[in-house]
Amino acid sequence: MPGLRLPKRREIEVNASIWKRLFAFLIDVAIVLLITSPLFNIVSKYVPLSENENILETITQLNDYFTKNTAVIDKVNSINMAVLIIAYIYFVLFEYILSQTPGKIFLKLTVKHIDPKEKKLKFYQCLIRNLFVLVSFIIVIDIVNFAFRGVRLSDFFAKTRAVEVYTE
Amino acid sequence: MKNKILVSAAIIGSLWILSLVTSFFLSLPTASALDMSDGNTALIPITGVISSFDSGGVFGDDTITSDELIELIDKADSNPSIKAIIFDINSPGGTPVATDEIAQRIKELKKPNVAVIREIGTSGAYWIASSCDYIIANRMSMTGSIGVYGSFLQYSELLERFNVSYERLVAGKYKDIGTPFKNMTGEERTLYQAMLNKLHYFFIQEVAQNRNLTVEKTRELATGMIYLGIEAKELGLVDELGNKDTAKAYLKNRLNETIRITSYKKEPSFFEILSSLSLQKLPLEKILGSKSSFPMVARV
């Protein structure tokens, strides 16, 4: 058949909606929890499960237990740090290699460089935009910034943006 | 898309392995006494001479301080997974204050507790055992010895033989009572004996109250005599003959659940580990218990 001159598929990029980003994040959190489940098993080994049905009494008992067992607090903190580091590696690796995490793949979101000429994210950009995983207080500032300016602070500093790609 | 799935699987798989390896290293016990909560019964050893102060020996000299022991009891008591406590006793006793501190802490426990006397649970160690809900001993265990002693070596005559004299300078005439460099006067001896008698009286009172015995009967038994487990059982100083398994059976019956033991013990210091590996104590020191720089410390 002689060459048909069909119009090229046009790609339209729009900023991803907050709900899609939140849902993608929740999917990723679920996957990270699955990956780090062996670490959570250790926590359950060190932290006693109370059979007391009174929540207030249970909290008091646990508080008393932690106060008298500082070594347990150190252990739980180490486990917490290990979980955060694994979560950080998860987000950085996925975004650097695929520009998408599994949550984003599921919701068809992509992380892109703010400059359209740059096809691939730089490694440092992935490191910066996922810092919120390690430093939890950043996430609060990030949410406030997103609510008022529509841009995540980490995207601003990493010069990236999350987009939804439609094709026509 | 197929490529993305493969990459995703590779990343998730690698991170899961990393998580497994990390969890293996983090689950290794640390130097501090971590409280592993798989058990429901704490086993706390009371081994060596009981004291309220560390005798300061570099190579650890079989002494347990009341602070260390009370810390372990507090940990077990505050852990909601722990339903009962077994005290594994192998001690000849110790100083009165340390003994009383431990015994009073045990009496405050609301969780069922049992004392298991192994080779030896005499004097202060028996005082501690008597404050538990139930006492189990082997038929050949050495127990009892309800008495107080404050004996010490007095070597003034030895010094005299070498022309060394004791230059007595005191403000307060009893200030150097019990010094090993001079003979005790009759008055000093009476005062010192009166103090030991008072300690003995407290000891008898405590045992009588803890064991539901009359003070008169306890006084009869409190001659300082050591009783074998089988004799102590007949005299009412011990509840049952047996061992740790007997204690588990008693607690299983009382709690109506399977007993799983969790060990609570003081982590040995570096020097103590070295000591246990290479150094053997002198037999005399082993017999006399820990050395003390205070010649006049009374012992129960």
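Readers should treat all values here as calculations from the given coordinates under stated rules, not as data from a laboratory. All of these numbers come straight from a predicted model, not from anything done at the bench. Cβ: placed from backbone, ideal geometry, glycine included. Neighbour counts: every protein chain shown.
Excluding same-chain neighbours fewer than eight residues apart, the lysines reachable from B:LYS173 by a Cα-Cα span under 21 Å are B:LYS182. Take each residue in B:13-24, count the other chain C-beta atoms within 10 Å of its C-beta, and the mean is 6.
Could I have the simple spin-label model distance between A:ILE73 and B:ILE17, label points 7 Å from Cα toward Cβ, reported in nm to one decimal? Once both label points are built, they end up 3.7 nm from each other. In this simple spin-label approximation, A:GLU11 and B:LYS266 carry label points 7 Å from Cα along the Cα→Cβ vector, and these lie 6.9 nm apart. Sort chain A into rounded, prolate or oblate with this rule: let a ≥ b ≥ c be the square roots of the eigenvalues of the Cα gyration tensor; rounded if a/c is under 1.5, and if a/c is not under 1.5, prolate when a/b is larger than b/c, oblate otherwise. Verdict is prolate for chain A.
Take the Cβ atoms of B:ILE230 and B:GLN205, set R0 to 25 Å, and the FRET efficiency comes out at 0.45.
Mean Kyte-Doolittle hydropathy of 0.5 or higher plus an axial Cα length of 30 Å or more: which whole DSSP H helices in chain A meet both? Before the final figure, lay out the partial values.
Working: long enough: A:70-98 (42 Å, 1.54).
Passing helices, by number: A:70-98.
Between the beta carbons of B:VAL215 and B:LYS107, assuming R0 = 22 Å, the FRET efficiency works out to 0.75 to the nearest 0.05.
For A:VAL135 and B:ASN243, a Förster radius of 60 Å and the Cβ-Cβ distance give a FRET efficiency of 0.65, rounded to the nearest 0.05.
By the count of other C-beta atoms within 10 Å, a proxy for reagent exposure, A:ASP155, B:ASP67 are ordered fewest to most as B:ASP67, A:ASP155. Peptide A:71-79 has a mean shielding of 4, counted as Cβ atoms of other protein chains within 10 Å of each residue's Cβ. Between B:PHE53 and B:LEU191, full extension at 0.36 nm per residue minus the direct alpha carbon distance yields a gain of 47.2 nm.
Fewest-first ordering of B:MET140, B:MET225, B:MET184, B:MET1 by other beta carbons within 10 Å of each residue's beta carbon gives B:MET1, B:MET140, B:MET225, B:MET184.
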